[in-house]
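Input: a single structure, listed below in structure tokens.
What follows is calculated from the coordinates using simple rules that are stated; it is not laboratory data. Note that the coordinates shown come from a computational prediction; the quantities given were computed from them, not determined experimentally. A quick note on method: Cβ atoms are made from the backbone with ideal geometry, for glycine too, and the neighbour counts reach across all protein chains shown.
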Amino acid sequence: MVWETRGEWRRKVSVATGLPFSRVRVLKRLLDAPLTLKQLADMTDSDAPATTVAVNALEDRGLVERHPHPDNRRAKLVSITPAGRKLVDLAHRSVRDEAPTAVRELSKTDLAHLRRIIERINRE
């Protein structure tokens, strides 16, 4: 349900950043730590060629950088640049991320039940 109601929010993020949402999603995944292309592909539910295209485009804009992997000479780590962080921050500041209307209208009791259900699912 959440995914199906996020189209307008994704569109606003794309307008604010000037990037397709899929590329903003790559940047957000890199906020905590550098990742390999394989890790990025897995985390974004994308295939390796599409992830490579996205990273190439982000690198061309100076939003990410590739570095040698310290433990695997065949792999590269992708990290976000200060400009990439600034763009993600712009998206966070300029586009309000609200829950879908149906969720916002739930009672406190229903929200508590929903929270417990989601926590239970996440534990499994």
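For the chain, adding -39500 (n - 2.57) for each run of n ≥ 4 DSSP H residues and dividing by the number of residues yields -17500 deg cm²/dmol at 222 nm. Among the listed options [x] -0.32; [y] -0.37; [z] -0.41, the one matching log10 I(q)/I(0) by the Debye sum over Cα atoms at q = 0.10 Å⁻¹ as calculated from these coordinates is [z].
The angle between the Cα long axis of helix 48-60 and the longest principal axis of the Cα atoms of the chain comes to about 70 degrees, rounded to the nearest 10.
Springs between alpha-carbon pairs under 10 angstrom, Gaussian network model over the chain: which of ARG11, ARG73, ARG29 fluctuates most? Greatest mean-square fluctuation among the candidates belongs to ARG73.
Give the angle, between 0 and 90 degrees and rounded to the nearest 10, that separates the Cα long axis of helix 7-17 from the longest principal axis of the Cα atoms of the chain. It is inclined by approximately 40 degrees.
Under the criterion of Cα pairs below 8 Å and six or more residues apart, the relative contact order for segment 16-124 equals 27 percent. Take the Cα of ARG66, go 7 Å toward its beta carbon, and the backbone nitrogen atoms of segment 14-46 under 11 Å from that spot belong to 37. A Cβ-based charge dipole, computed about the Cα centre of segment 3-97 with Lys and Arg at +1 and Asp and Glu at -1, lands at about 200 debye. In the chain, the longest principal axis of the Cα atoms and the axis of helix 82-94 are about 20 degrees apart.
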